[in-house]
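Note sheet for the following structure.
The values are calculated or read from the model by the stated rules, or taken from the named source; none is laboratory data. Keep in mind that what you see is a predicted model, and the values were worked out from it rather than measured. When we count neighbours, we look across all protein chains shown, and the Cβ atoms used for this are built from the backbone with ideal geometry, even at glycine.
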Amino acid sequence: MSGVSRKNFDSPEEVRPFEQGTGHLDLVNLESGPVVRGVFEPGWQWSRHVKPIVGTDSCQSPHLGYVTAGRLRVRMDDGEEVEFGQGDLLIVQPGHDAWVVGDEPCVIIDWMTSPTYAQR
């Protein structure tokens, strides 16, 4: 096993598109597990653009991420809402909806998402 590895989101191992061309998830696999870059276009909402792919009532994937661009609002199943923007670290537990705020794409690097997130 090497002590160094290199991955690049510009050459992901897998790309998972969201419904209606509203963005995509780029996935790279590290020894510690998958890391994803989510690109969420304006108008993207989990309940409209990922729910049809996975079939759950709300997102059941945990997230530990860093927002590199744009804004995202998250509503937990219990009604709590938080908005995240560029430079924010986020921790979101399973049981939520989320959507892009504004007219700029939201880009998030996520170290904790489920390896099957948005997988067809």
*Looking at VAL36, is it modelled with pLDDT of 95 or more, within 18 Å of ARG120 (Cα to Cα) and assigned to a strand (DSSP E or B)?*
yes
*Kindly state which strands (runs of 3 or more DSSP E) lie completely within region 65-113 and contain at least 2 residues that are without any contact (Cβ under 8 Å) to a residue 24 or more places away in the chain.*
71-76, 81-85
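Do we find that SER58 is touching a helix residue (DSSP H, G or I) at 6+ places or on another chain (Cβ under 8 Å), hydroxyl-bearing (Ser, Thr, Tyr) and either closer than 18 Å to ARG120 by Cα or surrounded by 18 or more Cβ atoms within 10 Å (Cβ to Cβ) (or both) in this structure?
Working: touching a helix residue (DSSP H, G or I) at 6+ places or on another chain (Cβ under 8 Å): yes; hydroxyl-bearing (Ser, Thr, Tyr): yes; either closer than 18 Å to ARG120 by Cα or surrounded by 18 or more Cβ atoms within 10 Å (Cβ to Cβ) (or both): yes.
So SER58 fits the description; yes.
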*Could you count how many residues in region 48-67 are within 12 Å of the chain's Cα centre (by Cα) and of a type in the set (Ser, Thr, Tyr)?*
2
